[in-house]
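Each remark here refers to the structure printed beneath this line.
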Amino acid sequence: MDIKPFLDIASRDHSHLCPRQILGVRIGLKGLAVCDVDASSKAKHLLVISETDGCFVDGIIAATKCTVGHRTLRIEDYGKIAATFINAKTNQAIRISPTLDVRERANLYATEEKRRYFAQLQAYQSMPDEELMTAQEIELNFNIRDVISRAGKRVNCEKCGEEIINERERIIEGKIYCKPCAEGGYYQPA
Ligand SMILES: [Zn+2]
Ligand SMILES: [Zn+2]
């Protein structure tokens, strides 16, 4: 498969094309293939979880057309170059990550290039899938239906009064709370 059009999309909004974008495109295309989704179509039943933000996820978006805005992409920030592809119809989930020694392997595919960065840039585009990445079937620790939720669901937090959509509320002793009020969140009043 010619990955150039996807690399063009990934690097369009950047000033550069980097190895992580290429990994994102390659892993994204592999994810589509294992979930049996055509790269030219937009799959509504596909949910992608990326384990980092940044250049890698731009590659994932270019290959899969999944986005945060369409609620087909989520970031679970472990600071890892890895992503899981979930077929929401079948609940099948495949996690794909680069082979642990992918950088060493890359050197073997770009022997002329002594600069590691540029060797990766070349090799990641041409290495066979099995050299570049590992795909593993996984079991999710959450219910996919809970994550997707239903349109139009809304309640108000009984503590702060703010509206909560997508069934993200917590119920404690019969009262409805938002996550930060119930469990603490990423902020507190200054
Ligand atoms: Zn980059
Ligand atoms: Zn609240």
quick shape note, region 4-145: Cα extents on principal axes in Å, largest first -> 49, 29, 27
Whole-Å distance linking the alpha carbon centroid of region 1-61 with that of region 123-144 is 13 Å
In debye to the nearest 20, the charge dipole size for the chain, taken about the Cα centre with +1 at each Lys and Arg Cβ and -1 at each Asp and Glu Cβ, equals 380 debye
Excluding ligands, DNA and RNA, the carbon-plus-sulfur percentage of the accessible area of the chain with a 1.4 Å probe reads 49 percent
Links exceeding 24 Å between C-alpha atoms in this model, out of 89/175; 4/30; 89/153, come to 89/175
In whole Hz, the Karplus estimates of ³J(HN,Hα) for region 115-131 (6.51, -1.76, 1.60; θ = phi - 60°; x where Gly or Pro) are 7, 3, 4, 6, 5, 5, 4, 6, 5, 4, 7, 10, 4, x, 3, 5, 7
Under 5 Å from the placed amide H of residue 74, counting only residues 5+ away or on other chains, we find 48, 49, 50
CD proxy, 222 nm, the chain: helix-only mean residue ellipticity via -39,500 (n - 2.57) per DSSP H run with n ≥ 4, per residue, nearest 500, stands at -10000 deg cm²/dmol
Residues other than residue 10 with Cβ under 10 Å of its Cβ, Lys/Arg counted +1 and Asp/Glu -1, net out at -1
The long-range amide H neighbours of residue 133, using H built 1.01 Å from N in the peptide plane and a cut-off of under 5 Å, are 99
Most packed first (mean Cβ within 10 Å per residue), the peptides 153-163, 6-16 order as 6-16, 153-163
Packing-ranked peptide list from 20-33, 168-181, highest mean Cβ count within 10 angstrom first, is 20-33, 168-181
Relative to the chain, whose Cα atoms define the longest principal axis, helix 55-64 and its Cα axis are tilted in degrees, nearest 10, by 90 degrees
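The values are calculated or read from the model by the stated rules, or taken from the named source; none is laboratory data. Note that this is a predicted model, so its numbers are computed, not measured. FYI the Cβ positions are ideal-geometry reconstructions off the backbone, even for glycines, and counts take in every protein chain you see. When the accessible area is computed, the model is the full protein with side chains, heavy atoms only, and any ligands, DNA or RNA have been set aside. Shrake-Rupley method; radii C 1.70, N 1.55, O 1.52, S 1.80 Å.
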